[in-house]
Each structure stands twice: as C-alpha cells, then as structure tokens.
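The values are calculated or read from the model by the stated rules, or taken from the named source; none is laboratory data. In this text, all values refer to a predicted model and were calculated from it rather than measured experimentally. Every residue, glycine as well, gets a Cβ built from its backbone with ideal geometry; the counts of neighbours run over all protein chains shown. Surface areas here come from the heavy atoms of the whole protein model, side chains and all, with no ligands, DNA or RNA. Shrake-Rupley method; radii C 1.70, N 1.55, O 1.52, S 1.80 Å.
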Amino acid sequence: MAANFDFLKKVDKDLFEIINEAESLYRDEYFDQCMAQTRRFGENVCKTVLGDKRTTEDTFDEMLATLKDNGNGEEQEKEFIDDLYFLKKHGNDAVHSSKVNKSGMDALECLQRAFEVAINYAVYNKNANESVLRLRYDTELLVTGKKSKKSLSEKYEEESAKSNLNKKVSSKSAGRKRGRKSKKAINLFPIGWGFQKKEQATKKEPKKKFTKQSYTMTPQNRGKKVSFFWVIVGVTSFISLLIILSMFVATRL
C-alpha cells in the first residue's frame, strides 16, 4: 500500500516504520494512539538531528531546548522546531488524558506536521533529492492507500465542499508558513541544519486619487413677485389721492 511517507524509506527506514504505523492507527480510528506515535516520530527526528550535540539531554523537552538554543533564528528552522513542539504537546495530551478524546482533526494535523518535519529532515539533514520539497500531504492517500489522479484544482473544490472538520483542518494547514527552499540557498546550522530567511515582499497599496468637482452649485436667487391685485390697488389709491388733492385746491380758490 502506498503511503505519504514513502520518500522516507530510503532516508531512514526506522523513522518510516514509526510514522507509517501512525497512519495505520489513523485509518483504524485510533486517533489518540496516532498522536502518541507522531510524538515518538518527532522525538526520534529531534534526537537524530542533534547528533553529537546531544550530551545530557534525555527528555524530548530537553532535546528541543538544545535544538532551539543552537538555532540561527531563520524562519524555516523556527517552523521545523514549532512542528516538533506541536507533536510533543498533542502526543503528551493523548497519552496522559484520562478520557479517550478521539479527535480525528487533531490526529490529522499531527500527521501533516510530521510530514513537514520529515521533508525538512530528509532534504536538509540527509541530503535527499530536492524533488521531495514539492510533495504535499494527501488525505485521500492516507485513507484509501491510493494516490489521487485528480488535479489540484479539483481537489480544492472537493475539499471546500467537505464537512466542517475537513474545512477546519484545511484552513489550519493552509495558514501555516511552509518556507521550503532550495538546498543551495541554505546556510548550515551549527548541528548540520540551517535555513535561509524568507524574503517577504511588501506590496504598497496605491494611493487613492481624488478629483476635484468640475462644477459648483450656485444658489438661485428667487425674486419676490408682486401680485396683480396689489398693482391695481396701488394705482387706484394714487388716482384717488390726486382727486382729493385737486378738490382740496379747488375749494381754496
């Protein structure tokens, strides 16, 4: 049966057996056991990467601390260590929990994180072929054991139509920074590990241009109109006044 971690067989057969067992546990719906197995996988990867740098470190926590202290702060290296911490935490929770949680979502993300760890380990620590960097975790292969023949766009459309569980898992994995780069661009880590900083292109948003209004609104002065009635009243009043004055003058004469 084909598996997502087949590329690891030639690199480290023991690690492949550990993580392949984790996928088998997932298919049988032993989700807590699956997470515990991915933790075991992460711990063994950490131990191998440390190599001669490991002295008195016995626990996974101690080895991770040493790995982190010997780091150079590169983005991809941080993601590798972050994945290992994730596997440790969820594996511990699964082992020490008093209840069977049966969290398929968490178990699937642990497998996806382990997949990223395996790729970084194979290429940057064991000098595997760079084509491994193009691999992506296939959930259909996990469940059926058969590689999907569908295109990436078809897979995306199907994933969008799946249940809330798959949507949540997809959003988590999609939101994570991968930072895979060519081996030629890597600066060696003090323990045989190293990553180059990713250049993040910052896009400046174009400034919005405002155009002046091409015309202005002028208020209209409305003239007061005099009604025809008041015109007649004014004229007759004037004539009456003239008649009264003429009569007054005539009586005086």
If R₀ is 25 angstrom, what is the calculated FRET efficiency for the pair residue 130 and residue 82, using the beta carbon separation as r and rounding to 0.05?
0.65
Would you please name the trypsin sites (Lys or Arg not before Pro) within segment 20-123 that are DSSP coil residues with at most 13 other C-beta atoms within 10 Å of their C-beta?
99, 102
Greater than 24 Å apart at Cα, pairs in 102/147; 47/126; 53/88; 68/88; 13/102; 126/147
102/147; 13/102; 126/147
Please compute the net charge surrounding residue 14, taking Lys and Arg as +1 and Asp and Glu as -1 over other residues with Cβ under 13 Å from its Cβ.
+2
Count neighbours as other Cβ atoms within 10 Å of each site's Cβ, and list the GluC sites (Glu not before Pro) in segment 28-70 that are DSSP loop with at most 12 such neighbours.
29
Simple SL model, points at 7 angstrom along Cα→Cβ for residue 96 and residue 75; separation in nm is 3.4
Please give the per residue accessible area of segment 6-155, computed with a probe of 1.4 Å over protein heavy atoms only, in Å².
51
Measure off, as a whole percent, the carbon and sulfur share of the 1.4 Å-probe accessible area of segment 5-148, all protein chains present.
42
